[in-house]
Structure formats: C-alpha cells, structure tokens
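The values are calculated or read from the model by the stated rules, or taken from the named source; none is laboratory data. Just so it is clear, the model here is predicted, and its values are computed rather than measured. Backbone-built Cβ (ideal geometry, glycine too); neighbour counts: all protein chains shown.
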There are 2 protein chains.
Amino acid sequence: MTLVDVAKVAGVDLSTVSRLLRDDRAASYRPETRARVLAAAEQLGYRVNAQARALRLGRQDSIAILVPDLDNFGFTAVLRGVQEACEEAGVTLLISEIGSSAPERTDRLAALAGRVDGVLVAHAQDTDTALQAWLDDIRLPSVFVQRSIPGASVSVLFDEENNAAAMVDHLVAMGHRDIAHLSGDLSTDTAKRRKVGFDSAMAAHGLSIPRGRRADGGWNIEGGRAAAEKLVAGRKRPTALAVDSLVQAIGMLGALHAKGLSIPDDISVITIDEHPLAAHTTPPLTTVYLDQRELGRRAATALLDWVDGTPAQNLIVESPSDIIDRGSTAPPVAQ
Amino acid sequence: MTLVDVAKVAGVDLSTVSRLLRDDRAASYRPETRARVLAAAEQLGYRVNAQARALRLGRQDSIAILVPDLDNFGFTAVLRGVQEACEEAGVTLLISEIGSSAPERTDRLAALAGRVDGVLVAHAQDTDTALQAWLDDIRLPSVFVQRSIPGASVSVLFDEENNAAAMVDHLVAMGHRDIAHLSGDLSTDTAKRRKVGFDSAMAAHGLSIPRGRRADGGWNIEGGRAAAEKLVAGRKRPTALAVDSLVQAIGMLGALHAKGLSIPDDISVITIDEHPLAAHTTPPLTTVYLDQRELGRRAATALLDWVDGTPAQNLIVESPSDIIDRGSTAPPVAQ
DNA sequence: CTGTTAGCGCGTTCAG
DNA sequence: CTGAACGCGCTAACAG
C-alpha cells in the first residue's frame, strides 16, 4: 500500500500516481491511465504515508493546542471552534493538557514541537516563563487564545473589559449598587482586563468598590467557592455577585447554598461564559454569552495563515456580550 | 539543527552522533568524542526530526484516543490516566473528538490513521458500523475504553454490573425498596451491563422493578433531565433514584428542583462517577467512585504493549465501587 | 501526458 | 570505537 505498489498494479510510474492522486485537476491525464490508477489505489486501499509526506514537504499539516485543564468545561467551546477550523483546512489538531509546571511537562512539549507546524496556547499566566522559553525555542508560529502574555506572541482575544462591564451594567440596571467581583486568577491577563472593565463600569455608574468586594477565584471550582465565602462573610453582604467564569460560579453556588442564601432573593449572581451546564444549576445562571466557538475558529485560522506565510496579528473578536437571563438576578432588597 | 550539522560541528560522522544521542549506554564511546558530540548538540539545540525518525522506524511513537464529546466531564479522568501512561512511555497522545457520525468525521479519522501506532476508543454505540469499518480498515491495534462492541476488538472495562449493584445495595441498606434507574444510553453496552447489574441486585434483595421505573438518559445533561422528569411524573414516586452518570445527574437535579422536590428528604439520589463537580452541586452528590484514571492507564498500557508486539487481551479493571457519601441519600419517608 | 532522478533526516547494516 | 552507504515513502524539478 505504497506508491510503488499502486504504480506496479496500475502499470505506470509512481510519480504519475503521486500527481494523479493529489493534483487531480491540475494535470489532464489520459482517462484510461487515470482510471487504471484510481482503480489500483482503491483496490489496494492506498493511503499516503503522513510521515514521508511531512518529511518531504517540511510541514506536518497539524497544529497543537495547549490547554491548562481538560476538566475545565469553560473552555470546550473554544476547542470545538478550533477543531472545526482545522477540519476545514484539512489539518490535524493535537490537544494537549499541560497543567502546572510539572517537570514532565517539558518532555511533553519537546515531543510536541517536532510534530506540529504551529501551536495555539490557551494557557498562560504572566509568570509562566518556562512556557515562554519553549515557545521562543521552537521557533514555530504560535497564537494565544483568550490569553496574552505581555510583550509576547500574537493573541486572539475578546474585549474582556466589555464583558465584565456587561455584568455590571446588567446588575446596576436592576438597581444594585453594592456589587462584589469574584475574579478569575489575577495573575492571568484575562482576569486583569476584566477587573479593569469591572472597575470602569462601576465608576461610570458613580459607584465605588469598597475593600472586601473583590476576591481572586483562581479559575476553578474550589477557588470560586473560597472566594464566594470570603465575599459574603462580612456583616454587610453585597447585594450582587459578578463572577468571572462559569466554573467558578459552580463553586460559588455551593458556598451560597451552604450559607443558606437564596438566589436571587437574598443575593443576585451573574457570570461570564455560556455552557449547557448553566441551564441546569440551581438556580439556572444568568450569563454573559461569549462566542467562544468563533474565538477558537479565528485563532486557528490566524495560526494556519501564519503557517502559510502570513504573519498573524493581534485580534480582538467582537462578541455581543449578550446577557442570557435565566433568572439568577433580581432587584436588591433591603437587608 | 540536523544530524549532519551536529556531526560537522563535532567533527565526526553523523552516524556517530545518531548512536551516541540515542543509545548512550550501549556504545562506550571515547569520552572525548562523547563530550564533543554532546556539546555540539547542546550548542545547536539539536532535536531529532520526529518525521524522519517515524519514516525510518516505521513507527510513530504516538497514539490517538477517540472521545465522543469533550464537554463530557465524566470522562476527563480517563483521559488523564491515558496521558500519564503515554508520558511515561514517551509517546505522544492525540485527543480527537468524534461526535456523531458527521460526514467530516471520516476525514478526521483518515488523517489520524497515518499519524498513530494505535488507537483507543472511548466512543462506541453498538450500531456505529462506520467506526468499526474504519478500525478494520486501518489495521492498527485498537483498544476500547470503558466501552465494548460485540465481537469487536479488545476492551478494557470496569465491572459495570458491580457498579450498578453498588448503588442498589447502598439504597436498599438505607431502607429503600422502590428504586428507579436513570440509565445511560441503552444502545451502549456500558449502560446495558449496568442495567443487568441493577436488575440482578434488585432481584437479590427480593425487589421487583415495576414499569416506569427505568428511563434512558442518553449520557448527557438534557437526557438526564428528561429521564428524571419521566421517572418522578407518576402518582407514586420512587423513593430513590439511581443514576448511571454524573453528567446525567446534573440534569436530574435540575428536574427535581424544578418540581420542588427536596433531596434527600423527598427523594434520595446516587450516581456513578466521581468528579470535583459532585462536591459542589446542590446538594452535593453521593457517588460510586470509579478509578477512571487507572482505567485509562491500563487501557493505554495495553495498547502500547500491543503496538510493541504483545496482543492485548480483554481486561476488567477492578474498582472498589466505594461509595462517597455526600448526603444525597437518606432513609425513605412515607409519602 | 508520463517517466527519471534527487533528496527530505534519520537509523542501520557492514567494514575497517 | 567510528565512518560509509543505503533506503524508509514521498514530492518536485526536469526530461522526454
């Protein structure tokens, strides 16, 4: 099932088979030859050898995406968008989980480097110098997805300030004035930008943010829970909670329920990120919808273009920041 | 940064470099040569070209795992176990989502075939003949993970009958006699085997399963919700619900809450699958713990061994079926 | 329109 | 202990 085999069966040269099977349109072969070759290939079940092809062409037709945590369902929509774009481009996608800076991470990255034409990065803390060093080292095109590292590669981002502001606007429109911000991991720029957006929006409404009204929820369930506990611990609770991610919101719900708080009667909550799960929590969560799928598509496309020779540029993907209202917010009541 | 480059810098033949860098121990080279080569490699930042190596050796040092749905957090622990095993073996893992039988799935599969030495399959409905055909076609070692197709390849499974029985035993021990089974997709053998286990366990306790006490929840949130609605719709509710997966349990919670049922006061619930999420639902869920990570490891190891020449055998991974009691079950009360 | 030829980078005999 | 030479399967000139 190699080119020579097919050529032998078809009674032509292997280069003819190679061209015929690939270009198809380009060369107008004699119908007879064409038929013979196609028949032989079919009969033998011929498949090009991806490795030989990669070796010859110096390109892999495959890219990788580095994700922090496969458990994080806040990110699957992005993955799906990336998959789609890759599919359309006929490129294989390699998904790799690279959690914390474990030592074996280096090996995984090293193995990856030789197998792909470029890499998408969905994992980046400002301090992750090891990752940055690796990216420099491999000299492959790389694009950060919904993350960015200062002074580093290209990024495809949402307007996160806008997203955070959307939460504030929604809550203020309901009459809230004492709003707490359950932030994502503040060592990531995504969380930083949302913080800025939150603060600006509050200021725009003439509201201040007293001490104790922000907590870092670390982008995970447990962090969200701990942060929520802190935010509602004081004598005077905020009347509403704006949460940076759905994953953290899950933890928050646990904390609020444990404390016997009823949503939205005692406290309103809203979160960024949309996922099937949001419709099935208790209560269902009002969310800021982000088109993560589109973000994934755009990031993948940018990377693929870069691989093809067109350097990618930083890109902000417009997202409607639409509110999906599932009733977890309501006007505040006097405590 | 190829072998020749290193050889040139080190002033030796490229074959020397090749041996030295790989065997290391095998050949006892002159320390001097050794040092020169290593230094040159280091200096040039040499990396073997995975493609050339694969072409030469006829092996990719990489395997793929086919998953139905990356959104399904019930499966990430398996993935993690697989990743670990691959890491230890120095093998690259290719994760690929192959949802329904979309037409583009074929392309994705075809591209995969040339890049891996074998494939793990975590997606299998008895009726998925296209997938089966592909597996036959590629003639690569393949192992099914927590799934099996009748008469097909090798499987690495849990004792699912035992797992379902664990739910029944726990509930019966609490005093329940009227237990409903919210099953997984009954076209998958996993669900079928759990059904058998559930029924046997009930029979062993001298309990029967009246009509309307089982519903197919399709392995997803929405299916779980719909099935739960059906199960508690009748005049006389069951006193307890045994759910086949955490994902479905999420949907179930939504349904029960919407109906105003309180857990475990009005109805007890228990589910198979452990995940961080289970500790943070309302209420937290009592679960049957499965060592999915170990399952993943074993499956990956079996496949890797097969790739190395030792055909894999069907394998049942012992799992303790331990109950993690988070209080979502309680003795039944008269209605 | 089709065959010939020359590598892509590497691992492996076989000599020496 | 090290070098020389071949070929894995494929593509892209270049002939014819």
Exercise for the section: Taking B:ASP325 as meeting all but one of (1) closer than 16 Å to B:GLY184 by Cβ; (2) surrounded by fewer than 20 Cβ atoms within 10 Å (Cβ to Cβ), write down the number of the exception. Expected result: (1)
Problem - Hits in the stretch B:104-131 (condition: part of a helix (DSSP H, G or I) and under 18 Å from the mean Cα position of the chain (by Cα)) - result: B:LEU131
Fill in the blank from the handout: Counting only residues in the stretch A:6-47 that are assigned to a helix (DSSP H, G or I) and within 14 Å of chain B (Cβ to nearest Cβ), the one farthest from B:TRP134 (Cα to Cα) is identified as A:LEU21
Exercise for the section: Kindly indicate which of A:VAL17, A:VAL4, A:VAL37 is within 13 Å of DNA strand C (Cβ to nearest atom) and surrounded by fewer than 19 Cβ atoms within 10 Å (Cβ to Cβ). Expected result: A:VAL4
Exercise for the section: Test A:LEU93 against the criterion of being surrounded by 15 or more Cβ atoms within 10 Å (Cβ to Cβ) and facing another protein chain (nearest Cβ under 9 Å), and give yes or no. Expected result: yes
Exercise for the section: Sort out which residues of the stretch B:181-209 are without any contact (Cβ under 8 Å) to a residue 40 or more places away in the chain and hydroxyl-bearing (Ser, Thr, Tyr), and write them in order of number. Expected result: B:SER200, B:SER208
Fill in the blank from the handout: Flagged in the stretch A:125-145 as of a type outside the set (Val, Ile, Thr), over 25 Å from A:GLN60 (Cα atoms) and touching a residue at least 40 places away in the same chain (Cβ under 8 Å), in numbering order, are A:GLN125, A:ASP126
Completion exercise
Of B:VAL243, B:VAL196, the only residue that is among the hydrophobic types (A, V, I, L, M, F, W, C), closer than 24 Å to A:LEU285 by Cα and away from chain A (no Cβ under 11 Å) is B:VAL243
Practice task
Scan (1) more than 16 Å from DNA strand C (Cβ to nearest atom); (2) in contact (Cβ under 8 Å) with a residue 60 or more places away in the chain for the single condition B:VAL91 breaks and write down its number.
Solution key: (1)
Exercise for the section: Please enumerate the residues belonging to the stretch A:43-102 that are at pLDDT below 90, more than 12 Å from DNA strand D (Cβ to nearest atom) and among the hydroxyl-bearing types (Ser, Thr, Tyr). Expected result: A:THR76, A:THR92, A:SER96, A:SER100, A:SER101
Practice task
Determine which member of the set B:THR301, B:THR310, B:THR271 is under 26 Å from B:PRO141 (Cα atoms) and either crowded, with 24+ Cβ neighbours inside 10 Å or in contact (Cβ under 8 Å) with a residue 40 or more places away in the chain (or both).
Solution key: B:THR301
Exercise for the section: Tally the residues that are part of a helix (DSSP H, G or I) and under 26 Å from A:GLY296 (Cα atoms), restricting the search to the stretch A:48-77. Expected result: 7
